[in-house]
Structure formats: structure tokens, C-alpha cells
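The values are calculated or read from the model by the stated rules, or taken from the named source; none is laboratory data. Owing to the predicted nature of the structure, the values given are computational and were not obtained by experimental measurement. Every residue, glycine among them, receives a Cβ derived from its backbone with ideal geometry; neighbour counts consider all protein chains shown. Quick note on the areas: whole protein, heavy atoms, side chains included, nothing else; ligands and nucleic acids left out. Shrake-Rupley method; radii C 1.70, N 1.55, O 1.52, S 1.80 Å.
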Amino acid sequence: MKRRTIFAIIALSAVWLIFTEEISLQNALIGVGMSTGCMFFIEKFLPFKELSNINFWKLATFPFYLIAQIYVAGFHVIKIVVTGSKVGIVSLDTKIKDEALKVILVDSITLTPGSILLDLDGEKVTLLWIRDKNTPGDPDTADEQLKSRLERRLLKAQK
């Protein structure tokens with residue numbers, strides 16, 4: 001078994017113990033068993049070779065950053081809805097070359113309130129975007145508000 005797999009099993013088991021809120025030998029063994037099963041499933045069916053050009057350690061901090069961005073965007077959308085909003089479709093280019101990181105980027109954009117992915121085609125990302133009624137609907141403004149922070153963070157994980 002690879003060192004990375006053992007680390008993932010330990011990490012998943014720790015997450016299991018945190019989520020179940022019960023520290024016991026039986027619960028720990030269940031967590032290790034389920035984590036081992038998940039890792040064997042992942043290694044068999046998911047293309048890890050395609051993820052070889054991603055820096056895992058820099059990508060590991062991304063979920064915490066994303067959670068913070070979801071909350072910030074949520075409060076921003078509440079303000080927009082109360083003060084008045086416009087909805088539009090905008091197409092943006094991405095600098096990310098890795099397909100897996102592009103998918104993470106567009107899924108992250110969709111998770112943040114105020115935007116929905118319509119299409120991902122090569123370098124182009126097309127989004128439905130709710131914005132303040134006074135905010136211009138141009139791609140530069142949309143780029144800054146929707147994806148630039150998330151994209152910069154993911155570019156650090158790209159080798």
C-alpha cells in the first residue's frame with residue numbers, strides 16, 4: 001500500500017470520528033474499514049494519473065478557503081437581493097490548464113451563492129450571474145467578482 005493511501009485512510013478515519021462524534025474502538029474500526037473500502041474504490045475507478053500534475057498539499061487548504069468564500073458570497077447575495085439585482089449570462093476565460101482543477105473551479109463557483117455554471121468548454125466558462133443593479137455586466141467585473149480569487153488559489157496547486 002502506498003504512503004499516500006495510508007495517509008488518506010488515516011485522514012478519512014479521523015473525519016469519520018469527528019462527524020460521528022463518538023470516540024470508541026468500535027467506531028474507530030468502522031471508520032478505518034469504511035475509509036479503506038473508499039480508498040480501494042477510488043484507486044480502482046478514479047483516474048489518479050490525471051491528477052499527477054496537482055500539488056496535493058496546496059490543494060488541501062482549498063476547501064477551507066472555499067467555505068469562507070461561500071459565506072462571504074452568501075451575505076453579498078442577501079444584500080443584492082434586498083437592494084435590487086440584475087441577472088445576466090457572462091462568459092469568462094480561465095488560466096487553469098488541468099481539467100480536474102477546472103472542474104473544481106467551476107464547481108466552486110457554482111457552490112458560491114449568486115452564480116450557476118451553464119457551460120465549461122475548454123478555456124471558456126459560461127455562468128448565470130446575479131449582480132447588483134449598479135454593477136456592470138462586463139466580463140472583467142464578473143471575472144473579479146466570480147472566479148479570480150478561487151482561480152488564483154487553484155493556480156497555486158497546479159504544477
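A simple spin-label model places the labels of ILE70 and PHE40 3.1 nm from each other, with each point 7 Å out along Cα-to-Cβ. Positive-end ranking of VAL106, LEU17, THR141 along the dipole of the range 4-142, with charges on Cβ about the Cα centre, is headed by THR141. When the residues ARG131, ARG4, ARG149 are ordered by accessible surface, computed with a 1.4 Å probe over the protein chains alone, the sequence from largest down reads ARG4, ARG149, ARG131. The alpha carbons of the chain occupy a box of 57, 34, 22 Å along the principal axes, longest dimension given first. Taking all protein chains into account, the per residue accessible area for the range 38-159 stands at 62 Å² (1.4 Å probe). Among the lysines of the range 1-147, pairs at least eight places apart or on separate chains and with Cα atoms under 21 Å apart come to 22. With 0.36 nm allotted per residue and the present C-alpha distance subtracted, the ASP121-ILE78 stretch has 12.5 nm of extension available.
Assuming a ≥ b ≥ c are the square roots of the Cα gyration tensor eigenvalues, decide whether the range 48-124 counts as rounded (a/c under 1.5), prolate (otherwise, with a/b larger than b/c) or oblate. Note, shape of the range 48-124 comes out oblate. Label-to-label distance for ASP107 and SER148 is 2.6 nm, based on points extended 7 Å past Cα in the beta-carbon direction.
Give the carbon-plus-sulfur fraction of the accessible surface of the range 47-159 in %, rounded to a whole number; probe 1.4 Å, heavy atoms of protein chains only. Reported share for carbon and sulfur atoms: 62 percent. Label positions at ALA60 and ILE23, each projected 7 Å from the Cα along the C-beta direction, are separated by 2.1 nm.
Taking all protein chains together and rolling a 1.4 Å probe, ILE10 ends up with roughly 110 Å² accessible.
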